[in-house]
Every structure is written in structure tokens, then in C-alpha cells.
1. Name the shape class, rounded, prolate or oblate, that the alpha-carbon gyration tensor gives for segment 1-116, where a ≥ b ≥ c are the square roots of its eigenvalues, rounded holds for a/c under 1.5, and otherwise prolate holds if a/b is larger than b/c and oblate otherwise.
2. Accessible surface of Asp316 in the full protein assembly, 1.4 angstrom probe, to the nearest 10 Å²?
3. What FRET efficiency would be calculated for the residue pair Asp121, Arg192, taking the C-beta separation as r and a Förster radius of 45 Å, to the nearest 0.05?
4. Can you tally the lysine pairs in the chain where the Cα-Cα distance is under 26 Å and the two residues are eight or more apart, or on different chains?
5. I'd like the distance separating the alpha-carbon centroids of segment 298-316 and segment 122-138, in whole Å.
6. Residues of the chain: accessible area per residue at 1.4 Å, in Å²?
7. Using a 1.4 angstrom probe on the protein heavy atoms only, could you order Thr308, Thr222 from most to least accessible area?
8. So what is the orientation-averaged projected area of the chain, using the convex hull of its C-alpha atoms, in nm²?
Amino acid sequence: MSAIPYRRAGKSGLDLSAFAFGLWQKFGTDYSYDNQRAILLHAFELGITHFDNADRYGPPHRAAQKLFGEVLRKDLAAHRDELILSTKAGNPIGTSPYLQGGSRKSLLGSLDHSLRDLGTDYVDIFYHHRADTSTPLEETVGALSDAVRQGKALYIGISNYPTSLSQEISRLLRAAGVPLLVHQPRYSIFDRSREDDGLLDLAAEDGFGVVVYSPLAQGLLTDKYLDGIPAGARAQNSAFLSPDAITDEYREKARALNKLAAERGQSLAQLALQWVLRRTEVTSALIGASSPEQLDHNVRALDFPAFTDDELALIDEHSR
Ligand SMILES: NC(=O)c1ccc[n+]([C@@H]2O[C@H](COP(=O)([O-])OP(=O)(O)OC[C@H]3O[C@@H](n4cnc5c(N)ncnc54)[C@H](OP(=O)(O)O)[C@@H]3O)[C@@H](O)[C@H]2O)c1
């Protein structure tokens with residue numbers, strides 16, 4: 001296997017590992033500590049140095065960050081300088097107005113709490129998790145840039161922002177002296193909306209990087225659902241991936257993509273990851289995993305020849 005390469009985040013000075021690991025699903029108090037620890041340490045051994053968290057991740061909310069904090073303290077503390085730790089705030093974690101949105105109160109309060117949970121003085125990237133049009137963008141920008149000035153975050157990201165608002169906040173952040181490092185949108189062969197709405201073009205023009213989440217469409221872009229729903233799979237046990245997603249139309253597309261992958265000597269998961277990383281605007285593919293073996297398999301995605309035009313056209317046919 002080739003070493004996982006680093007890729008430059010837009011026009012910043014920061015390199016990020018081509019794969020980042022996220023703790024959204026199956027990290028928290030409901031799962032075995034040993035398995036969660038094994039996955040995180042294996043990711044790091046493989047060369048994934050960027051770990052993505054949020055105040056929301058669990059269940060319950062905040063549990064994934066506490067878990068990561070424990071592994072950081074017990075196993076990875078000596079490597080803190082080699083790690084990129086991200087957190088996010090602004091997606092609701094409670095009914096209080098201070099536990100959601102883009103106000104100064106919500107964002108800086110959440111960041112302080114996350115730093116305590118993670119057991120670190122600073123995060124490398126602090127994201128606003130989703131746009132909040134009820135808060136003046138200037139207030140959000142003020143809070144984000146103060147997080148950097150206070151030394152609690154090194155860089156700022158945004159996630160799920162529509163393209164026009166991304167352009168606006170990028171302009172305001174640059175004016176505040178804290179240029180936007182990365183955008184974190186959903187992007188995969190099955191969700192190309194951020195190509196269509198110009199986000200990837202804006203990233204290239206504006207000079208921010210893109211860390212794409214759910215590049216495997218939560219597992220739909222693997223071979224696991226071709227013949228049913230295996231026990232323990234996300235479509236069986238997550239509120240975020242319904243078994244109803246496994247339709248005949250889905251299977252037809254996934255089988256066609258799986259056939260192409262086999263012809264190229266790779267798996268569907270590897271094809272899907274290589275495909276998102278074909279775009280130079282994309283800095284990293286932000287993946288999840290429920291076992292160390294899935295990681296071993298997935299990080300080999302860049303060991304295959306570049307796609308030909310005919311292969312890309314075939315993927316287009318089965319993507320939309
Ligand atoms: N900013 C946001 O709003 C937002 C939203 C969503 C996610 N994210 C971030 O993105 C990260 C990744 O999202 P994601 O977990 O949806 O990414 P994903 O990579 O699309 O899906 C990962 C899941 O697919 C399955 N899988 C992975 N490799 C496999 C393989 N080789 N064979 C079979 N199944 C495999 C596993 O689920 P099972 O084994 O459990 O089936 C794994 O947990 C999150 O942890 C989070 O950090 C951010």
C-alpha cells in the first residue's frame with residue numbers, strides 16, 4: 001500500500017491527509033471502548049492524521065468527543081503536534097437557543113465545552129456546522145475569528161453552507177484576517193449537488209479547501225447492500241440511513257458501479273473514494289468506519305490507475 005498522501009487545503013499553508021476520519025456514527029457510550037479505540041489508533045497508524053468531531057456526535061451528544069479525548073490522553077498525547085483535530089458547533093444539541101445556531105454565545109460556549117471534552121487547549125479546525133440565517137453573518141464571523149485570536153482554534157471551516165452564503169462568509173472572514181480554510185459539504189457519486197451549485201468552482205476561485213463527508217454515501221457505495229442488509233450495518237441501526245434507501249433502482253446503480261470497479265481491479269468502496277479525490281478542489285475524503293478492517297481496505301483507494309474518460313462517463317450514467 002502507498003503511504004496516505006497529504007494534500008494542500010486550498011491556497012492555505014496547511015496540508016491535510018487525503019483521508020480524514022469522522023466520529024459521527026458508532027462512537028459514543030453505546031459502543032465498545034476497545035473497538036472505538038482500535039479504530040482510531042489504526043487510522044493513525046495508517047497515516048490518517050485528521051480526526052473530525054462535533055459537539056453533536058454520539059449518542060448522546062458530546063460522547064464522541066469525550067471518547068476521543070480519552071484516547072488522545074491515554075494513547076496519542078505524544079502525537080498531538082502531528083494531529084489535526086476538528087470540531088463543529090451550531091447544529092442543535094438541545095432546545096436552548098444557546099445550544100444551536102450561529103450566535104457568539106452558542107459558538108464560543110460550544111467550543112469551550114468541546115476543548116474540555118477533548119482535553120486539549122486548541123482545535124486545529126473549528127467549523128460552523130451549518131448556516132444560520134437568523135443570526136447576522138457578521139456576528140458569526142466575529143465569534144469564529146475570535147476563536148482563532150484567543151488561540152482556541154488555528155483555522156476556521158464551515159459546513160453545509162449554501163454556495164452564495166459560502167462566498168459571503170469567505171469574504172467576511174478574509175476581511176477579518178482569518179481566511180476560510182475549508183468547507184465541509186456532503187459529496188459522493190450519489191450526491192453531486194455541490195458540483196451543480198458551484199461550490200467546488202467557488203473553492204478553486206476563492207482558495208479554500210474542501211473536506212467531503214459521506215463519500216461512501218454512508219456505505220451505499222460499498223458492496224455490502226447488493227444482496228440485502230447485513231446484520232450490524234448502518235442501514236439496520238441508524239436513524240440517518242433508512243433501510244428504505246435500499247431500493248431496486250439503488251441496487252441497479254450500485255451493481256453497475258460495482259462491475260466497473262471489478263473491471264478496474266478494485267472494490268466499489270475504493271472506486272467511490274478515488275472518485276471524490278479525483279477533483280483537485282477536494283482536499284480530503286472524510287470517512288467513517290465500524291472496524292479497523294474497513295479502514296485497511298478503504299485507504300488503498302489511491303493505489304489504482306486514474307479513471308479514463310470512458311470510465312468517468314459510465315460513472316456519470318449511474319450517479320444521478
Ligand atoms: N458536517 C456534517 O454535517 C457531516 C454530516 C455527516 C458526516 N460528517 C462527517 O463525515 C464523517 C464520515 O461520514 P460517514 O460515516 O457517513 O462516511 P462514509 O465513509 O460515507 O460511510 C462510512 C460507513 O460506511 C460503512 N463502510 C465503510 N467502509 C466500508 C467497507 N469497506 N465495506 C463496507 N462498509 C463500509 C461503515 O458503516 P457500517 O459498517 O456501520 O455499515 C462506515 O461507518 C462523519 O463521521 C463525520 O465526521 C459530517
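The values are calculated or read from the model by the stated rules, or taken from the named source; none is laboratory data. The model shown is predicted, which means the values in this text are computed figures rather than measured ones. Virtual Cβ from ideal backbone geometry, glycine too; neighbours counted across all protein chains shown. Heads up: the accessible areas ignore ligands, DNA and RNA and are worked out on the full protein's heavy atoms, side chains in. Shrake-Rupley method; radii C 1.70, N 1.55, O 1.52, S 1.80 Å.
1. Cα axes put segment 1-116 in the oblate bin.
2. Its heavy atoms expose roughly 70 Å² to the probe.
3. That gives a FRET efficiency of 0.70.
4. 17
5. Comparing the Cα centres of segment 298-316 and segment 122-138, I get a distance of 34 Å.
6. So the chain comes to 42 Å² accessible per residue, rounded to a whole number.
7. Result, largest first: Thr308, Thr222.
8. Directional mean of the projected Cα hull area for the chain stands at 15.5 nm².
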